[in-house]
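These notes are about the structure you will find just below.
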Amino acid sequence: MLVALALGFTLQTAQGQPWSLSSVLGKERVLIVSNPPIAYLAEARRQDAELQVRDLRVVALLPPGDARLNGPKTLMLTLLADPGGTVGAQYGRAALIGKDTGIKARYQTFPALNTVAALVDTMPMRRQEQRVRGR
């Protein structure tokens, strides 16, 4: 089975700092979501500890100037300005990237974070991490 590899990109945070996908590829799993509702971002913040355990970063791509870019910060939620939605168009509504940099799933709607976590928990690298870390 041929797996598509993640396309790298660099975008800016609300503070104007560059953030690059390559900075986390291979170290973390990444769930890219394009223009998610505020409730989805709130849920990602609420589940930050569960995301940390799975090395799962949620990267939300938002229109420049959007008020959601200035929301509360958490360790595993990254908010980025996506001018013209060009990066979001590459990944669709949502896409999960594994630590091997392969795209593991694409979603037509915003996936429930517990559904994504369940998928991550079936991945061989995650199972190995559970054995090593005990969680």
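Tell me which residues, restricted to the stretch 75-117, are of a type in the set (S, T, N, Q) and surrounded by 18 or more Cβ atoms within 10 Å (Cβ to Cβ).
In the first step, residues of the stretch 75-117 are kept if they are of a type in the set (S, T, N, Q); the result is 78, 86, 90, 101, 108-109, 114-115.
Once the filter is applied, which keeps residues that are of a type in the set (S, T, N, Q) and surrounded by 18 or more Cβ atoms within 10 Å (Cβ to Cβ), the stretch 75-117 yields only Thr78.
Are there any pairs with C-beta distances below 7 angstrom linking a residue in the stretch 114-132 that is farther than 17 Å from Gly102 by Cα to a residue that is not in a helix (DSSP H, G or I), with the two at least 6 apart or on different chains, and if so which?
No pair meets every condition.
Looking at the stretch 32-74 only, could you name the residues that are within 18 Å of Pro18 (Cβ to Cβ), of a type in the set (Gly, Ala, Ser) and surrounded by 14 or more Cβ atoms within 10 Å (Cβ to Cβ)?
Of everything in the stretch 32-74, just one residue is within 18 Å of Pro18 (Cβ to Cβ), of a type in the set (Gly, Ala, Ser) and surrounded by 14 or more Cβ atoms within 10 Å (Cβ to Cβ), namely Ala60.
Tally up the residues in the stretch 38-62 that are part of a helix (DSSP H, G or I), small (Gly, Ala, Ser) and without any contact (Cβ under 8 Å) to a residue 40 or more places away in the chain, please. Before the answer, list the steps.
From the stretch 38-62, those part of a helix (DSSP H, G or I) are 38-46, 48-53; that's our starting set.
Those still in the list that are small (Gly, Ala, Ser) too: 39, 42, 44, 49.
With the extra rule that they be without any contact (Cβ under 8 Å) to a residue 40 or more places away in the chain, the set shrinks to 39, 42, 49.
Within the stretch 38-62, residues that are part of a helix (DSSP H, G or I), small (Gly, Ala, Ser) and without any contact (Cβ under 8 Å) to a residue 40 or more places away in the chain number 3.
Considering the stretch 11-27 alone, what residues qualify as being touching a residue at least 12 places away in the same chain (Cβ under 8 Å), surrounded by fewer than 20 Cβ atoms within 10 Å (Cβ to Cβ) and either among the small types (Gly, Ala, Ser) or part of a strand (DSSP E or B) (or both)? Steps first, answer last, please.
First, pick out the residues of the stretch 11-27 that are touching a residue at least 12 places away in the same chain (Cβ under 8 Å): 11-14, 19-22, 24-27.
Going one step further and asking which of them are surrounded by fewer than 20 Cβ atoms within 10 Å (Cβ to Cβ), we end up with 12-14, 19-20, 22, 24-27.
Passing the criteria: Gln12, Ala14, Trp19, Ser20, Ser22, Leu25, Gly26.
Collect the residues in the stretch 118-135 that are surrounded by fewer than 14 Cβ atoms within 10 Å (Cβ to Cβ) and not basic (Lys, Arg), keeping them in residue-number order. Break it down stepwise before answering.
Taking the stretch 118-135 as the starting set, the residues that turn out to be surrounded by fewer than 14 Cβ atoms within 10 Å (Cβ to Cβ) are 118, 121-122, 124-125, 127-128, 130-135.
Selection gives Ala118, Asp121, Thr122, Pro124, Met125, Gln128, Gln130, Val132, Gly134.
No lab work stands behind these numbers, since they all come straight from the coordinates. Note that this is a predicted model, so its numbers are computed, not measured. Backbone-built Cβ (ideal geometry, glycine too); neighbour counts: all protein chains shown.
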